[in-house]
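Engineer: Next up is a structure, given as structure tokens.
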Amino acid sequence: MTELHEHHTAPARTGIRRLTGPGWLRVLWVTPIFFGIGVGLPVLIRWLAHWHPVWKGSVILTVELVTVPLGFLVGIGGFDYWAHYASGRPTVEDDHSSHGAKSWRDYFRVNTDHKVIGIQYVVTTIIFFCIGGLLAMLFRAELAQPGDQYFNPQTFNVLVSNHAALMIFLFVIPAFAGLGNYVIPLMLGAADMAFPRLNALSFWLLPMAGLMLVAGMVTPGGGPSAGWTCYAPLCSHQPLGQVFFNMGVQWAGASSIMTALNFLVTIITMRAPGMTFWRMPLLVWANFTTSLLVVIATPFIAGSQFFVMFDRVLHTHFFEPGGGGYVLGYQHIFWFYSHPAVYIMMLPGFGIISEVIAVMSRKPVFGYRLMALSLMAILVLGFSVWAHHMFVAGMAGWLRVPMMVTSMVIAVPTGIKIFSWLATMWEGRIHFTTPMLFALGFLSMFVIGGLSGIYLASVPIDIHASDTYFIVAHIHYVLFGGSVFTIFAGIYYWFPKMTGRMYDERLGKLHFWLTFIGFNLTFFPMHYIGLQGMPRRVADYAGRFADINLFISIASFGLGASTLVFLYNMAKSWKHGEPAGGNPWRALTLEWQVSSPPPIFNFDEIPQVVGHPYEYGVPGAKHAIFGAPKPEPVGTD
Amino acid sequence: MSSHAEPHEPGAFEHHGPPPIHYSSRVSPAVLGMFLFIASEIMLFGAFFTVYFFDRVVNKPFNGHWPPEGFHRPVYVALINTLILVSSSATMHWADTSIKKGNRAGLQAGLVLTLCLGATFLATQVIEYHRLGFATKDTSFASTFFGLTGLHGAHVFVGLTILLVMTIRAFRGHFSPEHHHGVEIGGIYWHFVDVMWIVVYVTVYLL
């Protein structure tokens with residue numbers, strides 16, 4: 001027993017090596033050193049440059065928000081390989097000791113296995129999903145009645161801002177990254193991602209970013225309350241917590257860019273023989289397009305957060321009109337990222353839904369190539385619509401109509417996808433499993449959100465509805481009814497693959513119906529009160545909205561409670577679920593052709609891809625064969 | 001036995017190692033990764049250029065004077081600095097072609113020269129900052145000036161760090177005509193930093 005135990009914690013470290021080796025013990029002493037650097041560096045520079053005062057809290061804090069996470073990453077071992085390389089020692093053949101998970105402890109260290117990282121991502125993001133949801137329930141409690149009950153307006157705005165920021169940057173975007181991480185190398189027939197160490201590093205940035213956003217809320221002096229959009233110049237004059245927000249977004253963005261880069265390189269260079277672009281599953285296509293969006297667009301939000309932070313810390317005038325800054329510049333730069341970001345938050349979900357609907361309808365995806373091409377069309381068009389967020393901001397008048405037109409045109413590729421999914425289900429043998437229910441819920445809710453989106457794209461309606469609850473309703477129909485439903489669909493669909501066990505179908509269906517009904521009761525009335533003129537992001541409201549707001553608040557608590565069913569189902573099934581077997585859905589894509597959970601290196605041998613991934617119901621159709629005599633060169637199909 | 005979780009598939013962890021990797025592209029993953037990273041970097045510079053042109057062209061502050069009256073840009077010092085940085089690209093290229101031909105001395109000399117030229121550039125910029133006579137808090141002209149040159153300076157610093165690692169490895173006997181990925185990828189980044197400087201110089205100092 002002891003011997004076994006020792007074997008599993010290998011390489012065994014004793015004495016001083018336990019402190020110097022990568023891990024939580026090293027975090028404990030390395031992070032304070034980096035904390036010291038974060039204090040010393042600005043003080044030293046200010047002293048050398050004769051700036052007064054030498055000791056300036058806001059500057060030190062900003063530097064700390066860079067050095068402390070770096071210290072944590074050094075401690076946990078995120079940079080060990082590169083440090084070894086930089087020291088000029090010979091590179092060693094990888095012994096794969098950091099690969100794979102034998103016990104739960106292996107999920108709490110730097111792990112290079114994309115399957116472990118995928119689960120690390122999904123679990124972390126669900127924690128932040130719960131925190132973000134609790135914040136929403138807190139401010140719904142405040143909104144249950146007009147007047148100030150529990151929170152003052154400042155705190156209310158902090159809750160709203162952080163609810164949005166956590167849901168967007170710490171849940172939707174990274175949850176898709178997590179699912180993609182788990183599934184993409186498997187679907188491509190690869191043993192891992194192209195850059196496993198970068199992959200591990202990009203995961204460990206994420207809890208840092210999340211903790212920073214949460215810490216910002218409880219900072220002495222007050223949290224960030226400028227909304228998740230953090231408009232300048234308001235944002236540069238917020239309490240101290242705003243700096244946590246700015247830097248948290250930077251870390252999450254860096255994590256996102258690194259993952260996207262990894263996805264792109266993996267998809268381009270690591271496909272199995274025979275896996276041409278036109279044979280890739282649509283989930284891979286969706287993540288390919290999303291990653292392109294991330295690599296191109298995310299640097300813009302990095303820039304925008306730098307500028308508002310510099311306006312605060314270095315007293316620059318990027319957006320301060322007093323010194324010749326251009327206020328609207330912030331909104332242009334911010335939305336040039338954040339509009340593509342809504343596709344970053346939706347395209348991977350499109351991919352998940354394509355998988356689920358084809359498998360559960362037992363039919364090939366209708367219009368496979370057009371499905372892939374419409375993703376590309378959304379990618380291109382997504383960069384040409386950002387100013388529709390600024391119709392009432394006072395921007396150049398001539399920009400309005402072009403942006404209105406492009407915003408409406410982007411509904412075309414999205415419509416192509418909706419009709420393709422419907423045609424895929426047409427006359428199929430539909431299995432109403434939990435992932436399929438979420439897929440159908442997504443389809444119906446996303447169409448509602450898409451339609452209100454087309455309303456809002458037209459300038460006159462947008463001017464009327466701007467900054468009302470109609471916007472809140474729209475964003476939740478596309479982001480909750482859209483993205484969150486697809487994430488749930490994905491988690492249920494790949495749960496058997498990740499854990500080797502089946503989730504409880506009855507609880508899954510209960511979760512779906514509670515979520516679906518709670519969601520509609522919460523958000524549908526918001527269309528109405530929005531058009532009646534109730535403004536968003538305000539703690540108090542007119543008495544005539546009292547009844548309907550009480551109704552919404554009660555419904556939102558029900559919606560929040562439905563998550564408990566999900567958490568219970570996941571925890572229970574992970575431990576006690578029925579063994580699922582390799583391929584419970586009888587799917588053709590490669591991740592289902594190996595055991596559940598897959599072997600440590602995914603495939604004993606690289607499969608040979610011979611056909612399309614969705615040929616359900618086509619006699620004799622094969623996607624891939626194992627044990628082919630010799631891998632042939634990439635086909636020209 | 002209970003000290004660790006049972007894998008669901010017995011034998012799943014007693015594997016000999018990963019199967020041989022099948023590459024589906026002729027581009028090496030590391031080079032492709034560097035190019036994508038540079039694409040991302042270009043967009044980051046793009047954000048800084050966007051705010052520059054918004055502040056300068058769309059906003060038209062200071063009665064149309066850019067730089068505002070009383071502000072002077074050290075155009076000629078920066079021109080010399082530009083020449084220094086451009087020549088460092090040439091020495092980097094020399095280092096790269098040397099190791100491809102198996103000329104280790106050329107690699108080492110090229111890297112050391114590049115490192116010195118880059119460090120000179122950075123030192124000149126720090127001294128320039130010190131003697132400019134204006135600081136970040138003085139108008140949006142100064143903000144964008146320090147923004148763009150500072151962002152570029154940070155990239156030079158990162159590039160120098162990469163070059164330093166390559167130099168250490170070159171002197172410790174690594175790299176060969178067959179294996180010189182590190183030099184090649186570090187070189188790509190360094191050339192990017194140089195080309196970016198020319199754009200920054202033209203925009204910030206000359207226009």
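Read-outs throughout are calculated quantities, based only on the coordinates presented, and are distinct from any laboratory measurement. The model shown is predicted, which means the values in this text are computed figures rather than measured ones. Methodologically, a virtual Cβ is constructed for each residue, glycine included, from the backbone with ideal geometry; neighbour enumeration extends over all protein chains shown.
Engineer: For B:ASN103 and A:TRP278, what does the FRET efficiency come to when R0 = 60 Å and r is the distance between their Cβ atoms, rounded to the nearest 0.05?
Structural biologist: Computed FRET efficiency for B:ASN103 and A:TRP278 comes out at 0.85.
Engineer: Report, in whole Å, the centroid distance computed from the Cα atoms of region B:184-207 and region A:522-554.
Structural biologist: The distance from the Cα centre of region B:184-207 to that of region A:522-554 comes to 53 Å.
Engineer: For region A:107-576, restrict the atom set to alpha-carbon positions and state the Rg and Dmax in Å.
Structural biologist: Using the Cα atoms of region A:107-576, the pair Rg, Dmax is 21.4, 66 Å.
Engineer: Between B:GLU69 and A:GLN154, what is the spin-label point distance in nm, taking each point 7 Å from the Cα along the Cα→C-beta axis?
Structural biologist: Distance between the two pseudo-spin positions: 4.2 nm.
Engineer: Under 5 Å between amide hydrogens, which residues at least 5 positions from A:ASP540 or on another chain qualify, with H placed 1.01 Å from N in the peptide plane?
Structural biologist: So A:ASP540 has HN proximity to no qualifying residue.
Engineer: Under a Cβ-only charge scheme (Lys and Arg +1, Asp and Glu -1), can you give me the dipole magnitude of region A:91-163 about the Cα centre, in debye to the nearest 20?
Structural biologist: 220
Engineer: Sort by residue number and name the cysteines in the protein assembly as shown that have no neighbouring cysteine Cβ under 4.7 Å.
Structural biologist: Taking the Cβ cut-off of 4.7 Å, the unpaired cysteines of the protein assembly as shown are A:CYS130, B:CYS116.
Engineer: Right, next: When the Karplus curve 6.51 cos²θ - 1.76 cosθ + 1.60 is applied with θ = phi - 60°, which whole-Hz ³J(HN,Hα) does each residue of region A:570-585 get, with x for Gly and Pro?
Structural biologist: Those phi angles translate into 5, 5, 5, 5, 4, 8, 10, x, 5, x, 8, x, x, 9, x, 8 Hz.
Engineer: What residue among A:ASN602, A:PRO53, A:ASN583 has its Cα farthest toward the positive end of the dipole of the protein assembly as shown, where the charges are +1 on Lys, Arg and -1 on Asp, Glu, each on the Cβ?
Structural biologist: A:PRO53
Engineer: Separate question: Find the centroid of the Cα atoms in region B:42-80 and in region A:309-344, then give the distance between the two in whole Å.
Structural biologist: Taking the Cα centre of region A:309-344 as reference, the centre of region B:42-80 is 16 Å away.
Engineer: Over all directions, the average projected area of the alpha-carbon convex hull for the protein assembly as shown comes to how many nm²? If you can, show how the numbers build up before the last one.
Structural biologist: Details: hull surface 146.4 nm².
Mean projected area for the protein assembly as shown: 36.6 nm², to one decimal.
Engineer: Using modelled backbone amide H atoms (1.01 Å from N, in-plane), which distant-in-sequence or interchain residues come within less than 5 Å of A:THR468's amide H?
Structural biologist: Under 5 Å from the amide H of A:THR468: A:ARG536.
Engineer: Also, quick follow-up: Using the Karplus equation 6.51 cos²θ - 1.76 cosθ + 1.60 (θ = phi - 60°), what ³J(HN,Hα) coupling, rounded to whole Hz, does each residue of region B:98-109 give in order, writing x for Gly and Pro?
Structural biologist: Using θ = phi - 60°, the values come out as 4, 6, 5, 8, x, 8, 5, 4, x, 4, 5, 5 Hz.
Engineer: How long are the semi-axes of the equivalent ellipsoid of region A:521-637, taking √(5λ) for every eigenvalue λ of the Cα gyration tensor, in whole Å from largest down?
Structural biologist: They are 52, 21, 13 Å, listed largest first.
Engineer: While we're on this one: Once you put a point 7 Å from the Cα of A:LEU531 and another 7 Å from the Cα of A:VAL409, both along the Cβ direction, what distance in nm separates them?
Structural biologist: Each label point is offset 7 Å from its Cα along the Cβ direction, giving 2.9 nm.
Engineer: In terms of modelled amide H atoms, which long-range or inter-chain residues lie less than 5 Å from the amide H of A:ARG501?
Structural biologist: A:ALA580
Engineer: Something else: Within a 10 angstrom radius of the beta carbon, how do A:SER338, A:SER256 rank from fewest other beta carbons to most?
Structural biologist: With the fewest neighbours first, A:SER338, A:SER256 line up as A:SER338, A:SER256.
Engineer: Hey, fewest Cβ within 10 Å first, where do A:ILE37, A:ILE344 land in order?
Structural biologist: A:ILE37, A:ILE344
Engineer: Hey, could you grab the Kirkwood Rh for chain B? Inverse mean 1/r over distinct alpha carbon pairs, Å, one decimal.
Structural biologist: 19.9
Engineer: Would you work out if region A:47-143 is rounded, prolate or oblate? Take a ≥ b ≥ c from the square roots of the eigenvalues of the alpha-carbon gyration tensor; rounded if a/c is under 1.5, else prolate when a/b is larger than b/c, oblate otherwise.
Structural biologist: oblate
Engineer: Further question: For the pair A:LYS575/B:ALA123, report the inter-label distance in nm, with labels modelled 7 Å from Cα in the Cβ direction.
Structural biologist: Spacing of the two 7 Å Cα→Cβ label points: 6.4 nm.
Engineer: Placing +1 at every Lys and Arg Cβ and -1 at every Asp and Glu Cβ, with all other atoms neutral, what dipole size does chain A have around its Cα centre, in debye to the nearest 20?
Structural biologist: 260
Engineer: Right, next: In whole Å, how far is the Cα centre of region B:139-156 from that of region A:218-297?
Structural biologist: Using only Cα atoms to place each centre, the spacing works out to 24 Å.
Engineer: To continue, here is another question. A:LEU19 to B:VAL58: FRET efficiency via 1/(1 + (r/R0)^6), r the Cβ-Cβ distance, R0 45 Å, to the nearest 0.05?
Structural biologist: So the FRET efficiency works out to roughly 0.20.
Engineer: Using the Karplus curve 6.51 cos²θ - 1.76 cosθ + 1.60 with θ = phi - 60°, what ³J(HN,Hα) values do you get for each residue of region B:66-76, in whole Hz, with x for Gly and Pro?
Structural biologist: So the J values, rounded to whole Hz, are 9, x, x, 4, x, 9, 10, 9, x, 4, 7.
Engineer: For chain A, what is the number of Lys pairs with C-alpha distance below 22 angstrom, counting only pairs 8 or more positions apart or on separate chains?
Structural biologist: Qualifying lysine pairs in chain A: 17.
Engineer: Positive end of the dipole of chain A, charges at C-beta (+1 Lys, Arg; -1 Asp, Glu), about the Cα centre: which of A:GLY530, A:ALA190, A:PRO348 has its Cα farthest in that direction?
Structural biologist: In chain A, that residue is A:ALA190.
Engineer: List the residues of region A:317-356 whose backbone N lies under 14 Å from a point placed 7 Å from the Cα of A:ALA396 along the Cα-to-Cβ direction.
Structural biologist: A:328-329, A:332-333
Engineer: Which is the longest part of chain B that has none of the trypsin sites (Lys or Arg not before Pro) sitting in a DSSP loop with at most 12 other Cβ atoms within 10 Å? Display every interim value, and only then the final one.
Structural biologist: Values: sites that count: B:ARG26, B:LYS101, B:ARG172.
In chain B, the maximal stretch lacking such sites is B:27-100.
Engineer: Regarding region B:13-114, what whole-number volume in Å³ per residue does the convex hull of its Cα atoms give?
Structural biologist: Working: hull volume 23.8 nm³, N = 102.
In region B:13-114, the Cα convex hull volume per residue is 233 Å³.
Engineer: Apply the Debye scattering formula to region A:19-86, with a single equal point scatterer on each alpha-carbon and no solvent, then give log10 I(q)/I(0) at q = 0.15, 0.23, 0.25, 0.28 Å⁻¹.
Structural biologist: Here the Debye-derived log intensity ratios amount to -0.54, -0.88, -0.96, -1.08.
Engineer: What ranking of A:MET570, A:MET167 emerges when the number of other C-beta atoms within 10 Å of each C-beta is taken as an exposure proxy, fewest first? Kindly include the intermediate steps, with their values, before the conclusion.
Structural biologist: Values: A:MET570 23, A:MET167 26.
Fewest-to-most ranking of A:MET570, A:MET167: A:MET570, A:MET167.
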